[in-house]
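Asker: So that we are looking at the same thing, I have put the structure below in structure tokens.
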Amino acid sequence: AWQRVTSLARGLGVALIVMLLVMFRGPALPGGGYAWIQHEWWGILGIIGWSYLAASVVYLVVGARPLALIAALATMLCLYVGGRHGHPVFLSPEVNGFADMGALFGSSSANVMLGVLAGTCFVTPQAVPQRLRFLLGLAGTAVVCGWLLRPLHGFSKNEATESFTLVTAGLQLLLFTGLYLLVDVAAQRRFTRPLAEIGQNALLAYLLPELCARIA
């Protein structure tokens, strides 16, 4: 019964979004009528969505093969660098205007791809020491490469530079490795129970700090 209620709520949500898209009217046009909904900036959630889409498609194509995923990661970083020095010339301005290749499928997607790489050691049977070596090696390599690339475009969160992406992702991997040792290997899970609901809902985790700040 609960599953039916959940499905009904999701269907109702989709219907409401479609209705809002149909009802929306923008500024009046010179020739009459009104502009339909248009995008100017995808926003943080939009960037995250495009990045997850890119990483998911790559994984579906190449599977859990680390070398192929590393090649995709390097390609994404190169795409970002190319975007900083002029949009990819093989794509039309209309395509880049809709979804900036360098920004959306470059360093932001590379950030997600590092997480995909980390996940490969959990979808295949591996011993704990082997997983630790892979995770620590990946984290250390990301931090070092990001540090060395700082002179290229600096270390900027707002610009999502390749250096910022690699260093912060590497630090996140180090934190993830520590949690893996504590929760999965040492089986210390009591402190994680209050965070379980948030961990299962990424959107809630994203919105919660802003909500708490407004309440305070």
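Asker: Taking only the stretch 41-67 into account, find how many residues are open to solvent by 50 Å² or more (accessible area, probe 1.4 Å) and within 14 Å of Val112 (Cβ to Cβ).
Answerer: Summing the residues that are open to solvent by 50 Å² or more (accessible area, probe 1.4 Å) and within 14 Å of Val112 (Cβ to Cβ) in the stretch 41-67 gives 10.
Asker: Moving on. If you scan the stretch 37-62, which residues turn out to be over 13 Å from the mean Cα position of the chain (by Cα) and polar (S, T, N, Q)?
Answerer: Of everything in the stretch 37-62, just one residue is over 13 Å from the mean Cα position of the chain (by Cα) and polar (S, T, N, Q), namely Gln38.
Asker: Could you check how many residues of the stretch 162-209 are of a type in the set (D, E, K, R) and crowded, with 16+ Cβ neighbours inside 10 Å? Explain how you work it out, then say what you get.
Answerer: Residues of the stretch 162-209 that are of a type in the set (D, E, K, R), as a first pass: 162, 184, 189-190, 193, 197.
Applying the additional criterion that residues be crowded, with 16+ Cβ neighbours inside 10 Å yields 162.
Here the count works out to 1.
Asker: Another question, then. Please name all residue pairs, on different chains or six or more residues apart, with Cβ atoms under 8 Å, provided the first residue is in the stretch 19-41 and is within 24 Å of Leu104 (Cβ to Cβ) and the second residue is surrounded by 10 or more Cβ atoms within 10 Å (Cβ to Cβ) and not hydrophobic (A, V, I, L, M, F, W, C).
Answerer: Listed pairs, sorted by first residue: Gly26/Tyr34; Ala35/Arg25; Ala35/Gly26; Trp36/Arg25; Trp36/Gly26; Ile37/Gly26; Gln38/Gly26; His39/Gly46.
Asker: State yes or no: is Ala99 modelled with pLDDT under 90 and open to solvent by less than 30 Å² (accessible area, probe 1.4 Å)?
Answerer: Numbers: modelled with pLDDT under 90: yes; open to solvent by less than 30 Å² (accessible area, probe 1.4 Å): yes.
Here the answer is yes, as Ala99 does meet what is asked.
Asker: Which one is most open to solvent (accessible area, probe 1.4 Å), of the residues in the stretch 116-136 that are part of a helix (DSSP H, G or I) and farther than 19 Å from Leu182 by Cα?
Answerer: Let us first name the residues in the stretch 116-136 that are part of a helix (DSSP H, G or I), namely 116-123, 128-136.
Adding the requirement that they be farther than 19 Å from Leu182 by Cα leaves 116-117, 120, 123.
On the way: Val116: 32, Leu117: 1, Thr120: 7, Val123: 91 Å².
Only one residue tops the list, namely Val123.
Asker: Next question. Being of a type in the set (Phe, Trp, Tyr), part of a helix (DSSP H, G or I) and touching a Ser or Thr at 6+ places or on another chain (Cβ under 9 Å), is that true of even one residue in the stretch 164-184? I'd like the intermediate steps shown before the answer.
Answerer: Restricting attention to the stretch 164-184, the residues satisfying the condition of being of a type in the set (Phe, Trp, Tyr) are 164, 176, 180.
After this cut, where a residue has to be part of a helix (DSSP H, G or I) as well, the list is 164, 176, 180.
Subsequent filtering for residues that are touching a Ser or Thr at 6+ places or on another chain (Cβ under 9 Å) retains 164.
Checked against the condition, which is being of a type in the set (Phe, Trp, Tyr), part of a helix (DSSP H, G or I) and touching a Ser or Thr at 6+ places or on another chain (Cβ under 9 Å), the stretch 164-184 yields at least one hit.
Asker: Another question, then. Is at least one residue of the stretch 50-65 charged (D, E, K, R) and closer than 30 Å to Cys121 by Cα?
Answerer: Initially, the stretch 50-65 is screened for residues charged (D, E, K, R), giving 65.
From the residues that got through so far, the ones that are closer than 30 Å to Cys121 by Cα too are 65.
There is at least one residue in the stretch 50-65 that is charged (D, E, K, R) and closer than 30 Å to Cys121 by Cα.
Asker: Right, another one. Return the residues of the stretch 40-62 that are among the hydroxyl-bearing types (Ser, Thr, Tyr) and part of a loop (DSSP other than H, G, I, E, B); say none if nothing qualifies.
Answerer: Keep residues of the stretch 40-62 that are among the hydroxyl-bearing types (Ser, Thr, Tyr), which gives 51-52, 56, 59.
Hits for the stretch 40-62: nothing passes.
Asker: I'd like to check something: does the stretch 139-161 contain any residue that is in contact with a Ser or Thr (Cβ under 6 Å, 6 or more places away or on another chain), part of a helix (DSSP H, G or I), within 20 Å of Leu67 (Cβ to Cβ) and open to solvent by less than 30 Å² (accessible area, probe 1.4 Å)?
Answerer: There is no residue in the stretch 139-161 that is in contact with a Ser or Thr (Cβ under 6 Å, 6 or more places away or on another chain), part of a helix (DSSP H, G or I), within 20 Å of Leu67 (Cβ to Cβ) and open to solvent by less than 30 Å² (accessible area, probe 1.4 Å).
Asker: Taking the condition of being free of Cβ contacts under 8 Å to residues at least 24 places away in the same chain and in contact with a Leu (Cβ under 8 Å, 6 or more places away or on another chain), how many residues in the stretch 148-171 meet it?
Answerer: Result for the stretch 148-171: 2.
The values are calculated or read from the model by the stated rules, or taken from the named source; none is laboratory data. From a predicted model like this one, the values you see are computed outputs, not experimental measurements. When we count neighbours, we look across all protein chains shown, and the Cβ atoms used for this are built from the backbone with ideal geometry, even at glycine. Surface areas here come from the heavy atoms of the whole protein model, side chains and all, with no ligands, DNA or RNA. Shrake-Rupley method; radii C 1.70, N 1.55, O 1.52, S 1.80 Å.
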